[in-house]
Amino acid sequence: MLRDIFSKKKKYATIPSEQAKQEVPEGLMTKCPNCKTIMYIKELRKNKMVCEGCGYHHRLSAYERIDLTLDEGSFQEFDVDMIAKDPLQFPDYLEKSAQDREKTKLNEAVVTGEGTIQGVPTVIGVMDARFRMGSMGSVVGEKITRAIEKAIEGDKSFIMFAASGGARMQEGVFSLLQMAKTSAALNQLNERGLLFISVLTHPTTGGVSASFASLGDINIAEPGALIGFAGRRIIEQTIRQKLPDDFQTAEFLLEHGQLDQVVSRHQLRETLGTILELHHPVKGGEV
Amino acid sequence: MADQLSFEKPIFELRNKISELKTFTAEKGIDLSGEIEKLESRLEQLEKDIYGNLNPWERVQIARHSKRPTTLDYIERLFTDFLEFHGDRLYGDDKAIVGGIGRFQGQAVTIIGHQRGKDTKENIKRNFGMPHPEGYRKALRLMKQAEKFKRPIICFIDTKGADPGIESEERGQSEAIARNLIEMAGLHVPIVCVVIGEGGSGGALALGVGDRIYMLENSTYSVISPEGAAALLWKDASLAKRAAETMKITAPDLLELGLIDGMIPEIRGGAHRDVDQQANEIRVYLEKSLKELGNISELDLVQKRYEKFKNIGEINHVSGPIAVK
């Protein structure tokens, strides 16, 4: 009986879910999923969430990305209050969206707004893969479309950071058609001669890679990012063989002519700044 | 019968019985016309009951029917002087997409569509109607050509999806689809799209950014196949029937949701029962929409197309405190 008291403790040992393992816990230390080095989270953050040991780019939340990209204090968010509706009455969809809002403190899988990069005013959209895998449903499509329209109104460039598993299944054809909607908005941007830079981060797949994310005037990816149309498992099942490790990585795409550059997170802000400056010439000292 | 679907069994059984009785009448000279008449009216009722109340999964089966008419079947019946054009000028000629020029009621048009095979040999040649990037690039080349010569474009959609393979990834399947979406959005000529079979995800949408989107009554349009959805949702691909209902992929469902412009009625039992008649039904919709779109100026056409897609989406707003950073 005394033994029972002691053994009880074991019963409640917490086993982190797959999801929790991937994210950096709010502890002191973390382990790089790539090289397995154990490091201080504080140090990792200081290094823009890039592993000092192997250069692995850890995932960023949307706001971490905005902090790293825009000039300090310049960000003004658009359409903060939009949340998912449930047009198909899909089982558990609204509950799961609510859980993700709770977990991520985000209202949806994309944050849009405007700010400056090295002084150049820019409209920006950043996806967050923690929210429903960064999938694109009506809200994501609408926020991106509105952001593009804001860029057109303000004669500004548009930068989109993609991080998404693709179209959101729970909104069915509504999600599918967001691919057409965002692409059609980019056509309007093109007609005005405005710049669109697409930054593909880990992961960018399915309906997002097959729409706006591939349509940049300049397409840039972060090192090691998974980018592709079809899921790895589907391809392996179709061809009945194992795929090479580097298949669908940013480097693989660069090699096959699908990207302009692969840029490390340490150089990304500067690269974007330079591209913007080249497209928005300084006139009389004012940008 | 090889082309019989499981839910059609009672119809086929009754039909067999009637033909047996007819043979019997002819051979033995015994008059059974009263009996036959009774059975025929029962058959009529049975067909009405079964085909008039198809559930989503039954429609999926009709959409996938091996005898279902394909793009080339409709091209043959709806257009004159059709000339098929090949190749994307970049890599190759994808046989999963056919395209070319012809006349629709005298007017020169460009026609493009996914092309399945009807038997294994043809399906292998056509990759089961699943295009590679060069297929989409061929389609885009023909669309740009149509724009240059101010020809309306008619697209037939019929694919399980874009090819998922190593080569497709290497040659930029994502880019090929995305490029069609943005380019179609900006074309200065009318675009009419008809989903004739399966409209599988991005691979279907890449021919689907049109001014009018119609679906045949028993066709489907979906973001993921019912099998794929079931595997993801319930970890069980055999629950595809349930997924077909949940996902709202049939023409009646999508019409009700306001996502398509019209549903083209099908021959009872499915388009394969009478391809000529089915082509006639499609002709009505093409004629009407081309007439309407022909009256719109080039610039308005693009603007209206943009607004059409811009308005698609259902959103809510948070009430109460807003969750920010």
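In a residue-by-residue description of the range A:211-219, the property of being among the hydroxyl-bearing types (Ser, Thr, Tyr), closer than 24 Å to residue A:157 by Cα and assigned by TED's automatic domain parsing to the domain that holds residue A:66 applies to at least one position.
How many residues, within the range B:239-252, are open to solvent by less than 60 Å² (accessible area, probe 1.4 Å) and either under 26 Å from residue B:45 (Cβ atoms) or among the β-branched types (Val, Ile, Thr) (or both)? Qualifying residue count for the region: 5.
Among helices (runs of 4 or more DSSP H) entirely within the range B:107-181, having at least 2 residues that are within 13 Å of chain A (Cβ to nearest Cβ) and over 16 Å from residue B:208 (Cα atoms) singles out B:166-170.
Kindly evaluate residue B:225 against the criterion of being facing another protein chain (nearest Cβ under 7 Å), closer than 30 Å to residue A:259 by Cβ and either modelled with pLDDT of 95 or more or open to solvent by 10 Å² or more (accessible area, probe 1.4 Å) (or both).
Working: facing another protein chain (nearest Cβ under 7 Å): no; closer than 30 Å to residue A:259 by Cβ: yes; either modelled with pLDDT of 95 or more or open to solvent by 10 Å² or more (accessible area, probe 1.4 Å) (or both): yes.
In short, no.
Only a single item in (1) farther than 14 Å from residue B:309 by Cα; (2) of a type outside the set (Ser, Thr, Tyr); (3) more than 11 Å from every other protein chain (Cβ to nearest Cβ) is not met by residue B:234, and it is number (3). Just one of the listed residues (A:116, A:122, A:182) is open to solvent by 10 Å² or more (accessible area, probe 1.4 Å), of a type in the set (Val, Ile, Thr) and either within 12 Å of chain B (Cβ to nearest Cβ) or in contact with an Asp or Glu (Cβ under 8 Å, 6 or more places away or on another chain) (or both), and it is A:116. Of all the residues in the range B:46-86, those that are open to solvent by less than 30 Å² (accessible area, probe 1.4 Å) and of a type in the set (Phe, Trp, Tyr) number 3.
Could you check the range B:258-311 and list, in sequence order, the residues that are open to solvent by 50 Å² or more (accessible area, probe 1.4 Å) and assigned to a loop (DSSP other than H, G, I, E, B)? Listed by number, the residues that qualify are B:258, B:261, B:265, B:268, B:274, B:295, B:297, B:311. For first residues located in the range A:153-178 and within 14 Å of another protein chain (Cβ to nearest Cβ), partners that are part of a strand (DSSP E or B) and aromatic (Phe, Trp, Tyr) and lie 6+ apart or on another chain with Cβ distances below 8 Å form the pairs A:158/A:196; A:160/A:196; A:173/B:221; A:176/B:221. Considering the range A:174-266, the qualifying helices (runs of 4 or more DSSP H), each wholly inside and each with 3 or more residues that are over 15 Å from residue B:181 (Cα atoms), run over A:232-239, A:250-255.
Which condition from (1) out of contact with any His (no Cβ under 6 Å at 6 or more places or on another chain); (2) hydrophobic (A, V, I, L, M, F, W, C); (3) open to solvent by less than 30 Å² (accessible area, probe 1.4 Å) is the one that residue A:94 breaks? Of the numbered conditions (1) out of contact with any His (no Cβ under 6 Å at 6 or more places or on another chain); (2) hydrophobic (A, V, I, L, M, F, W, C); (3) open to solvent by less than 30 Å² (accessible area, probe 1.4 Å), the odd one out for residue A:94 is (3). Set side by side, the residues A:52, A:64, A:72 differ, and just one is open to solvent by less than 80 Å² (accessible area, probe 1.4 Å), without any contact (Cβ under 8 Å) to a residue 24 or more places away in the chain and charged (D, E, K, R), which is A:64.
Pairing each residue of the range B:28-45 that is over 13 Å from residue B:15 (Cβ atoms) and open to solvent by 100 Å² or more (accessible area, probe 1.4 Å) with any residue that is modelled with pLDDT of 85 or more and part of a helix (DSSP H, G or I), provided the two are 6+ apart or on different chains, yields C-beta distances under 8 Å for B:31/B:25.
For the range A:133-151, taking the residues that are open to solvent by 10 Å² or more (accessible area, probe 1.4 Å) and over 12 Å from the mean Cα position of the chain (by Cα), the one that is nearest to the other protein chains (Cβ to nearest Cβ) is identified as A:142.
Going through (1) within 12 Å of chain A (Cβ to nearest Cβ); (2) under 23 Å from residue B:52 (Cα atoms); (3) small (Gly, Ala, Ser) one by one, residue B:262 falls short only on (1). All conditions but one from (1) within 12 Å of chain B (Cβ to nearest Cβ); (2) at pLDDT 95 or above apply to residue A:91; the one that does not is (2).
The values are calculated or read from the model by the stated rules, or taken from the named source; none is laboratory data. What you are looking at is a predicted structure, and each value in this text was computed from that prediction instead of being measured. Note that each Cβ is placed from the backbone with ideal geometry, even for glycine, and that neighbours are counted across all protein chains shown. Please note that ligands, DNA and RNA were not included when accessible areas were found on the heavy atoms of the full protein model with its side chains. Shrake-Rupley method; radii C 1.70, N 1.55, O 1.52, S 1.80 Å.
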